[in-house]
Every structure is written in structure tokens, then in C-alpha cells.
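Down below is the structure, laid out as C-alpha cells.
The values are calculated or read from the model by the stated rules, or taken from the named source; none is laboratory data. Fair warning: this is a prediction, and the values are worked out from it, not measured in the lab. Heads up, the Cβs are rebuilt from the backbone with ideal geometry, glycines too, and the neighbour counts pull from every protein chain shown. All accessible areas refer to the heavy atoms of the entire protein, side chains included, with ligands and DNA or RNA removed. Shrake-Rupley method; radii C 1.70, N 1.55, O 1.52, S 1.80 Å.
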Amino acid sequence: MNPKPHRSVLYSTSASSGRDATSVSSGRENRITQDSEQAFPELRPEVVGQQSTDVVDLENEEPDSDDEWQHLLETTEPVPIQLKAPLTLLCNPDFCQRIQRQLLEAGGQILKGTLEGASQILPALRVLSSLLSTCSDSVPLYSFCREAGLPGLLLSLLRHSQESNSIQQQCWYGTFLHDLMAVIQAYFACTFNLERSQTADSLQVFQEAASLFLDLLGKLLAQSDDSKQTLQRDSLMCFTVLCEAMDGNSCTISKAFYSSLLTTQRAVLEGLLHGLTVPQLLSHTPPGAPQVSQPRREQSEDLPGAIASALAAICIAPLGLPGCWEAKEQISRHLANQLTEDNNQLRPSLICGLQHPILCLHLLKVLYSCCHVSERLCRRLGQEPLALESLLMLVQGKVMVVDWEESTEVTLYLLSLLALRLQDLPSGMEKLGSEIATLFTHSHVVSLVSAAACLLGQLGQQGMTFDLQPMEWIPAATHALSAPAEVRLTPPDGCGFYDGLLILLLQLLTQQGKASPIRDMVSSEMWTVLWHRFSMALRLPEEVSTQEEELSLSSPHSSSSEPDWTLISPQGVAATLSLAVATFTQEPQLCLSHLSQRGSILMSTLKYLLSPSFLQQLGQAPHGSEFLPIVVLSVCQLLCFPFALDVDAHLLVGILADLTDSEVTAHLLQVCCHHLPLPQVELPISLLTHLALTDPTSLNQFVNTVAASPRSIISFLSVALLGDQPLLTSDLLSLLAHTARVLSPSHLSFIQELLAGSDESYRPLRSLLGHPENSVRARTYGLLGHLLQHSMALRGALQSQAGLLNLLLLGLGDKDPAVRRSSSFAVGNAAYQAGPLGPALAAAVPHMTQLLGDPQAGIRRNAVSALGNLGPEGLGEELLQCQVPQRLLEMACGDPQTNVKEAALIALRSLRQEPCIHQVLVSLGASEKLALLSLGNQLLPHSSPRPASAKHCRKLIHLLRPTHST
């Protein structure tokens, strides 16, 4: 929460309703205003535009007795005056000099205890208070303060007045201190004290002023004199404003400030704690101080309320300002240790204060902060009947407090934290289920609905059941998601504002085990509102919803790319996606309708969740690295739905185009490489593989991503290929095989590098060829088959690397048909233009010949083609020894599968070029047998298409004629 400026004012006085007082007292009623105008002409009504101030001719003499001063205070009713042109005053050098001169002169007289000094300094103080509170331009304001000697003069006056007993006995002392503290408070609230203002040396001045103020505050709190209570109260109110300014500052400055409360400025902290453990008297008004009316006293301006407010200020973690959290946690931990001590009176005092109308809210915040850092304190509170009774009474509305809504919100979060830490229901909580459910369904205060949902979610996890019907919780959730977010406190464990609601919705949908709640939800307005609110909390780029009607959620859309983790934390993101998975599992067609609508808020959100920028931010968020894998896997699961359903081809093309345009394939590879542990990359790689095999653009994105970061991605792929996840390895091999089949050889060097290994020993390839899983071996052989069409390096490795060729041939005799088919394909491509490798492939001939009788047509066809490729490599004798020509002729004439016949004819055309094989074919009467085959093709009905083998048959007959003998 940003520091709120203290709205101090310049006081004037209204004319009394009659002139029945003495002329002297009547003249004093406007003395302060007159003195202000005399000292600072710029403040006259005609200059500042203030027309409500009565202009009265005032006498020149000063108040000359205690009675006159007191009468003046009693008959003067302050009227606030706002400066009309504060920037004009700041730019006036004469005004700055007069302010400084009057502070110095009047301050010197005050230190001497003169009444004239008090009369002269009050106008200057009130002008300063109004000026510091109303001017928003930090640069000239800081320059003015520096030239006027602020805040040094103010703190010096405060220190000297505290050290002088004679000054403290003066009749004007109370009024002087009240106005002096108002100026110091307004100074601490100025924005130039924040680091982001970057105003010269303002931060150093601010730090020094804060340190001096803490010195004075520590001494003041140590005094037990009743006459000091009002000053202690005003000082603590100033201290609370100072804490708010520190919260908005840098980590270095705020940490030093709060850490000092446990070291050099420990007297301040001890004074605050002591103040809560002693019996409090009514605030005593020192001499000359303006009387505090009872309504103001009820607004926490008494000393106990100021102490409690100051304690809350040094403990509670401000939203969105993490720089001070660590230091504040140290203070909370210190307090928690004291609260758990057996003989310490602090705990009973805090617990008793939970039923105090003014102290309650502040003390709840203190307990909440301390419980966050101390499980021991949570257990201790769980054993305190009075504490639990007070908390339950607050939820039930049985405690009259000043701010019931905020007090109830903090109470609900505190109970949620206790249930979370204790993993059990505190005593009496089982009675509150229906009342908390009523708060959730009936309250119109969004922060209360969110806090009640958080507690209900925790109670549900502890086994408590509550009767919530869709007709009740759907409107409540819709209101909570569509109304402005009133974030006042960080929920337990750093959760986001909407986390509790999302977790509760997930419980309501999954615990009932029926489809009806999901149908009710997805058909309601809540479903659309949920995704819009989710995207707004994530701060998606503006263009993601251009094709979808925007909902007005009463919350400005920030242009910042940083997600608002105060609204939804990484846990909330994971809960939302789990909610979507549960919904689409029961209503898959709903998923399809959302994902197939180009530019839909759901599709845009899912794509954004995979973007590198978001994942980097998620990993850096509190607990983000813990939930990042869940988020990625949930998104992948949702994007897989269309591919698992019977989807119209047109819709599927649209979905693929949407994913391709956002480079989801590249993002998936980067996610696996940089963000996920290896055991969790299986689903993203499966989705990536499906996209690349289906869409050429996605395949190019995969290859380009590898080329952009070859070292890191090849390293990841190497580890993944050789891991103990067969499905992951199989998918990667399919992806690589498709890459080798479709793309040009210039894109395949990384695959060669993967198989060869860093030392080029081909250990990865050897390991994959000997893998125990059939699917892995089959896909490895398939990958080799595609690579061997282009890779001369791989051909050379088969020749030079000992045992590698044997592993290739070993697959020809594998028991698994898929392995035999892929292996025969690889050997066939190795044999095509084998070159120096040709003679080494002679060992493949017997295995290939044996495969000619394989029951699977695909294997027979591969074996036929491989044998046909081996002929031109000078292996005619080996082929004859295995009677390959005879076997191929038989298959060309009699195999039941047309494509096998065609392959056999093509192979025979290739082999007949070898003279020895040509002679064998002639001796076997190949021409006559093929003529019968050709005649059979001619006898087919005219309506039947001619097989492709017919052409090869005629050509081979022609080649076997004597004129073509060689």
C-alpha cells in the first residue's frame, strides 16, 4: 500500500456568533490567521483565493497571560484552509526565506520559553503543514524543504523542547507540539522521500531524519509520565506514516529502518510492546493542547490505539512492495517469540484486545503477521480458548468494532492460516461452516467473499462439508470475479486475492462427482467472467482479445507485462488451469468450441502461458518455480484435447494455424529445455511432436529453434533421448525421423551430432539400437533409414565404427515386426549408392533373403527393395548364392500384395544389369512367366485400374530379350 499523505491544514477561526466576550478575547479569535497573513503576505485571502475567512481588525499585542491563551484556544473553532497555489509559493525565494527566518527566530524564543515565540511559530507551522500536504510536485517541494532547513529545524525543536522542563510547563506547549508533529508527519508523507522519485540527496536526508525521529520516539515512549500521553499518541501516529513511507522505499532503505528496531532503535519496539502490557488510562491532555473530542478519540487517536496501529505498521507486509518484507518478517518473528513465552504478558494483552472496538483490527494484523512466520504461535493460539472464541465471535458479528468488514476479513484469513499451519480444524470451527458459507454467498463486499472462500477451501481440505448449491455459489463467484478487487491484505502463504475462490471452485466441481455443476457453471456468465478476470490478472497484451467482445470488469487493464501476483499467485494460476482441465474432461466439446475460435480469450491465454516472457516471470515469482511445471503440463493437456477428439478437419486446421502463428512449437521446446525437469517433459514433447508431424510450419519452427540455441537444446535432446522414459524417447525419434524425411540435408547436422555424441563414438546410436523397448529400436532404425539417404558421414561411420554395422544388421532378425520393418528400410537405404560401404553390406544378403518370406507385406517390400539396391554394388555372387533372383521372380509373379509385386519387378530390373543374374533369369524362363503375369493384367475388366506393376512387367520383359543381353 502506498503511503497516504497526511492532510494537515492551515487553521483559521470563524468570527464568534456575538461579541459578548471581552474585546481582547474577541480580537484573539483570528490571531493565528492574522499572524500568518502578516508574516506571509502570499497567504492573504485575495492571494490564495480563500473567501470564507472573516477579516477582523486584530490588536497588535500578544496574549499576555495563561488565562488569555487558554481562552483563545477555547473560543477558537478551527476551519481548514487549503492553499490554492502551493507551487507558486515554493518558487518564491522570499517566501522560503521568511519561513526559515520565522522558524529560527520564533524557535529561539520558544527555547527561551516566551509566549511571543509560540504565537509567531504557530502560523509558520500550519502553513508548512498545509504546503507539505497539498503540493504534489516533489522536485520543487524538496528544494524548498532543503532551503528552509527542513526537517532538521523541526526535529531540533522537538528534541530541545523535550529536554527542557521549563518549556514543558508553558501554557502553549501542547498546541505547539501538536502543530510541530503535524508538520513532521506531513514531511514524512512527502513523495520525494521515495527512491523512485530520485530527487537529489533526498533519500539520505530522509534516512537521517527518520533515525533522529526514532531516537526521540524511543526516549519518549520510555517515559511513564501521564502528561506525555498525547505527545506519545501524536508521535506514534507520525511513526505510522513514516512506516508507510518506508514500505514504499527501496529494499536497502526499508530494511535498514526496520532492522534498526531490533538493534540500535530497540527502545522504540520495547516501548510499543510495553505500552500494550500496562493498564491504560484515559489520554491526558497537557497544558495548552486543544481538546480532543470523543468521536475523534473513538477513531483510534487515543494512546492504546496509536500503539496498536504502530505495531501493525511494523509487522504487516504491504501489498506489492516486497522490499521491506524480509525485515518486517524479522520483527514479526521477534514478536512471535515473545507471544509464545509462557510468562510473557504480551499474549494475554493481545488476546484481550481482540474484543476491543478500536484495538481489534490492529491487533488482528499483528497476530496474522506473527502467525505467518511462526508455526509455534499458530499451535499456541489453537490452544487458547479465549483467542479462538474471540475470532469466532468476530466472524459471527458479536464483537462491536470500528471497521467490521476489514476486521472480519483479517479474522477469516487468520483462521485460514491456522487451519493451514495446524492441518486440523481449531476447536469450534466445525460450528462455523454454515456461517462462513453464508458470508461467501450473501456478502456484497468482494474482499469478504474472497476471504470466506479462502477459509472454506481450507475447511474443505480438512474434511468439512458444507451445503452449497450451484444456484448459490455461481452468482457469488460471478460477483466476486466481476466487481473491483478490494485488496487490503495478503492472503495466507502469499496467495493471490482470487486464489482461495479458484481453489474453492475446483473443490466444488470435483468433490460432487457430477456433471451438472460443470454444466451449470459453463452455461453461466461466470465462465466467461472467470477467463476475462484471469487474463486481466495475468496482464495479457491488449491484442489478445481483439476478436472477442470485452467485458467490463470495473478494473483498469494495465499495460505492464508483469502479472499482478497480488490478484492471482502461481498457485492460483495452477488452480485455474486445473479447473479448466476438470471442466473440459467432462465437457470436451466446450473445449473444442473455445480453442477453435480464433482469438478467443481462452486460446490467447493458453498461448501466453507458454511464452518465454511469462515463464520467466513465473519462475521468479514467490513459489513460482514450484507451480511452473503444473502450469505448463495443464496448458499442454488442454491443447491436446482437440487432437484426442473426433474433430472436423477444417476446425483442426484452424487450431493448428492459431498455434503456429504464436510459435507454440518453439515455446514448447524452450520450456522443456529451460524450465522443466526431465521427468516432466514427456507431455510437452508429445504435443510438440504432434504439431511438427502435422504442420510443416511447426516443423520449421522446431528446427529454427534448435539452430538458434544449438548447445543448450542439443544437450537437452541428448539427455532426453538416452533417458529412462521410453515414450519420450520414441516421440523424439519420430520427430527427428520426420525432420530427416521432410527437410533438406542442410538442416540435419544436429541429428547427426545427437547420434554421434560429443566424442563421435556413436555411443548414443549404439544405445538406442540396443534399447530394450521395441518401439525405441524400431524408430531408431527408421531414423537411420531417412538419414542414410543423405548422410555420407553416417555411411562412413557404419564402415569405420567397429560393430556399428552389425547393430544395424541385427535388427533384420529382431522378433518384433516393427523393428524388422524399420531395419530393412534402413539397410535398403544404406545399400542405395552405397559406394565404399557396399562390400560390407554383403552380410545383409542372407538376412534380407530370409525376410522375403515374412508374413508382413511391408517387411517383404523393404527386403525386396534392399536386395535390388545391393545388386549394383558388386554383390551378384552373394545374391546368387542365396537364390535371390529366383525368390524375386516368384514374388513378382505370385505375391498377394500388389505393392510387393511392383517392388520385386523394380528390383529385378535393377539386378538384371548384372550379367550373371541376367543369365539366371533367362534360364529360369523369366520372360515367359512375366508374360503370363502381363496377360493376366490385360484380362482385367476395363473398369478396373491397371496396376502400376504392369508397366514394370512389360519393361522387364523387354529388357530380358536377347537383344538386351549383356
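Working only within segment 660-713, note down all residues that are of a type in the set (Gly, Ala, Ser) and in contact (Cβ under 8 Å) with a residue 24 or more places away in the chain. It would help to see each step written out before you state the result.
So in segment 660-713, the residues of a type in the set (Gly, Ala, Ser) come out as 662, 666, 686, 692, 698, 707-709, 712.
Result: Ser662, Ala666, Ser686, Ala692, Ser698, Ala707, Ser709, Ser712.
A search for C-beta distances below 8 Å between a residue of segment 557-585 that is within 18 Å of Thr490 (Cβ to Cβ) and among the hydroxyl-bearing types (Ser, Thr, Tyr) and any residue that is modelled with pLDDT of 90 or more and open to solvent by 30 Å² or more (accessible area, probe 1.4 Å), counting only pairs 6+ apart in sequence or on different chains, returns Ser569/His623. Return yes or no: is Glu389 closer than 21 Å to Ser407 by Cα, of a type in the set (D, E, K, R) and open to solvent by 50 Å² or more (accessible area, probe 1.4 Å)? Here the answer is yes, as Glu389 does meet what is asked. Is one or more of the residues making up segment 254-264 surrounded by fewer than 22 Cβ atoms within 10 Å (Cβ to Cβ) and of a type in the set (A, V, I, L, M)? Among the residues of segment 254-264, at least one is surrounded by fewer than 22 Cβ atoms within 10 Å (Cβ to Cβ) and of a type in the set (A, V, I, L, M), which makes the answer yes.
Can you confirm whether segment 634-650 contains a residue that is among the β-branched types (Val, Ile, Thr), part of a loop (DSSP other than H, G, I, E, B) and touching a residue at least 40 places away in the same chain (Cβ under 8 Å)? Within segment 634-650, one or more residues are among the β-branched types (Val, Ile, Thr), part of a loop (DSSP other than H, G, I, E, B) and touching a residue at least 40 places away in the same chain (Cβ under 8 Å).
The set of residues in segment 579-602 being open to solvent by 40 Å² or more (accessible area, probe 1.4 Å) and farther than 19 Å from Leu651 by Cβ consists of Thr585, Gln586.
Taking the criterion of being crowded, with 23+ Cβ neighbours inside 10 Å, of a type in the set (A, V, I, L, M) and out of contact with any Lys or Arg (no Cβ under 7 Å at 6 or more places or on another chain), the residues of segment 314-349 that qualify are Leu335, Ala336. Considered as a group, the residues in segment 638-679 that are surrounded by 16 or more Cβ atoms within 10 Å (Cβ to Cβ) and among the acidic types (Asp, Glu) include one that is nearest to Ala720 (Cα to Cα), and that residue is Glu663. Being of a type in the set (Val, Ile, Thr) and over 42 Å from the mean Cα position of the chain (by Cα) is true of Ile167. Residues in segment 432-485 that are modelled with pLDDT of 90 or more, hydroxyl-bearing (Ser, Thr, Tyr) and assigned to a loop (DSSP other than H, G, I, E, B): Ser443 only. Every condition in (1) more than 14 Å from Ala306 (Cα to Cα); (2) touching a residue at least 60 places away in the same chain (Cβ under 8 Å); (3) open to solvent by 10 Å² or more (accessible area, probe 1.4 Å) holds for Gln223 except the one numbered (2). I'd like the full set of residues that are surrounded by fewer than 23 Cβ atoms within 10 Å (Cβ to Cβ) and either touching a strand residue (DSSP E or B) at 6+ places or on another chain (Cβ under 9 Å) or not in a loop (DSSP other than H, G, I, E, B) (or both), limited to segment 241-250. Across segment 241-250, the qualifying residues are Val241, Glu244. Note on segment 462-481: among residues that are touching a residue at least 40 places away in the same chain (Cβ under 8 Å) and polar (S, T, N, Q), the one that is farthest from Val445 (Cα to Cα) is Gln462. Among all residues of segment 491-500, there is at least one that is under 18 Å from Val581 (Cβ atoms) and assigned to a helix (DSSP H, G or I).
Among the residues of segment 751-772, those identified as of a type in the set (D, E, K, R) and either closer than 21 Å to Thr739 by Cβ or assigned to a helix (DSSP H, G or I) (or both) are Glu753, Glu760, Arg763, Arg766. Check whether at least one residue in segment 414-428 is under 27 Å from Leu303 (Cα atoms), of a type in the set (A, V, I, L, M, F, W, C) and outside the structural domain of Gly275 (by the TED database), and report yes or no. Within segment 414-428, one or more residues are under 27 Å from Leu303 (Cα atoms), of a type in the set (A, V, I, L, M, F, W, C) and outside the structural domain of Gly275 (by the TED database). Of all residues in segment 187-199, one or more are part of a helix (DSSP H, G or I), within 37 Å of the chain's Cα centre (by Cα) and modelled with pLDDT of 90 or more. Can you tell me which residue is modelled with the lowest pLDDT among those in segment 555-567 that are closer than 19 Å to Pro612 by Cα and of a type outside the set (D, E, K, R)? Looking at the filtered set, the residue picked out is Ser559.
Yes/no per residue for (1) open to solvent by 50 Å² or more (accessible area, probe 1.4 Å); (2) in contact with a Leu (Cβ under 8 Å, 6 or more places away or on another chain); (3) on the phi < 0 side of the Ramachandran plot:
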| residue | (1), (2), (3) |
| --- | --- |
| Gly149 | no, yes, no |
| Leu155 | no, yes, yes |
| Ser161 | no, yes, yes |
| Gln168 | no, no, yes |
| Leu177 | no, yes, yes |
| Met181 | no, yes, yes |
| Ser202 | no, no, yes |
| Gln207 | yes, no, yes |
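Quick grid of which residues meet (1) surrounded by fewer than 22 Cβ atoms within 10 Å (Cβ to Cβ); (2) assigned to a helix (DSSP H, G or I); (3) among the β-branched types (Val, Ile, Thr); (4) at pLDDT below 95:
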site: Ala707; (1), (2), (3), (4): yes, yes, no, yes
site: Ser712; (1), (2), (3), (4): yes, yes, no, yes
site: Leu717; (1), (2), (3), (4): no, yes, no, no
site: Asp724; (1), (2), (3), (4): yes, no, no, yes
site: Leu727; (1), (2), (3), (4): yes, yes, no, no
site: Leu732; (1), (2), (3), (4): no, yes, no, no
site: Arg741; (1), (2), (3), (4): yes, yes, no, yes
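Looking only at residues of segment 406-441 that are surrounded by 16 or more Cβ atoms within 10 Å (Cβ to Cβ) and acidic (Asp, Glu), we find that the one that is nearest to Cys360 (Cα to Cα) is Glu406.
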